[in-house]
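The structure under discussion appears below in the form of structure tokens.
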Amino acid sequence: MRCVFCGFEDSKVIDSRSADEGRTIRRRRECFSCGKRFTTYETIEDTPVLVIKTNGARQAFDAQKIKNGIIKSCEKRPVSMTVIDEIVSAVVKQVYNSMEQEVSSKHIGELVMQELKKYDEVAYVRYASVYRSFKDISSFLEELQAMMASKK
């Protein structure tokens with residue numbers, strides 16, 4: 001790390017502390033050349049993820065929207081908030097681990113359905129009915145038959 005006082009390119013770390021609720025590391029450094037001390041901050045670089053909607057519009061990825069949709073599909077179902085939070089965490093993790101800066105809303109919906117299916121099939125079908133915009137009872141029935149076939 002370059003000294004802010006003399007420009008020398010080498011220094012030693014005297015003290016490191018967590019800052020900003022654990023999202024930043026504060027380091028006290030001492031220059032080997034002039035002996036002066038200075039502080040540096042190390043932070044995680046956040047790369048924003050944009051969601052490409054079906055109409056082509058782009059908006060910032062928002063985990064709260066995913067959570068709200070899952071909560072609606074799990075109404076009156078024996079799915080705890082802990083499980084819902086686990087599902088949201090799993091989806092968020094998959095989105096960020098993909099290292100893509102743009103993700104389609106269709107892909108996110110598929111990830112949510114994949115996770116919901118593990119916990120509650122009724123909630124899965126509810127979510128799928130909204131997400132896939134079932135137009136009539138036959139498209140709804142096709143989804144149920146595909147679920148039944150995959151169980152066998």
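Worth pointing out:
- Computed [θ] at 222 nm, helices only, for the chain once each DSSP H run of length n ≥ 4 contributes -39500 (n - 2.57): -14500 deg cm²/dmol
- The length gained on full extension between M99 and E9, counted as 0.36 nm times the residue separation minus their Cα-Cα distance, comes to 29.2 nm.
- With every protein chain in place, the stretch 1-149: carbon and sulfur % of accessible area (1.4 Å): 51 percent
- With DNA, RNA and ligands ignored, accessible area of T39 (1.4 Å probe; Å², nearest 10): 50 Å²
- Listed options for volume of the Cα convex hull per residue in Å³ are (1) 200; (2) 161; (3) 106. The value calculated from this structure is the one marked (2).
- Phi-based couplings in Hz for the stretch 45-55 (Karplus 6.51, -1.76, 1.60; Gly and Pro marked x): 7, 8, 9, x, 10, 9, 9, 8, 6, 5, 8
- Lone cysteines, the chain (no partner Cβ under 4.7 Å): C74
- A simple charge model with +1 on the Cβ of Lys and Arg, -1 on the Cβ of Asp and Glu and nothing else charged puts the dipole of the chain at about 220 debye relative to its Cα centre.
- Amide H to amide H distances under 5 Å link T24 with A19, where only residues 5 or more positions off or on other chains count and H is placed in the peptide plane.
- The K151 and Q64 beta-carbon pair, evaluated with R₀ = 41 Å, returns a calculated FRET efficiency of approximately 0.80.
- Partners for K106 among lysines (Cα-Cα distance below 23 Å; same-chain residues under 8 apart left out): K53, K65, K67, K72, K93, K117, K118, K135
- Looking at the stretch 13-69, the accessible area is 73 square angstrom per residue; that uses a 1.4 Å probe and ignores ligands, DNA and RNA.
- Projecting the Cα atoms of M99, M1, T43 onto the charge dipole of the stretch 1-101, computed from C-beta unit charges around the Cα centre, puts T43 farthest toward the positive end.
- In order along the stretch 98-109, phi translates into HN-Hα couplings of 5, 6, 8, 8, 10, 10, 6, 5, 4, 5, 4, x Hz, rounded to whole numbers, per the Karplus curve 6.51 cos²θ - 1.76 cosθ + 1.60 with θ = phi - 60° and x for Gly and Pro.
The values are calculated or read from the model by the stated rules, or taken from the named source; none is laboratory data. Small disclaimer: the values here were computed from a predicted structure and weren't measured. Every residue, glycine as well, gets a Cβ built from its backbone with ideal geometry; the counts of neighbours run over all protein chains shown. Remember, those area values only see protein heavy atoms, side chains included, never the ligands or the DNA or RNA. Shrake-Rupley method; radii C 1.70, N 1.55, O 1.52, S 1.80 Å.
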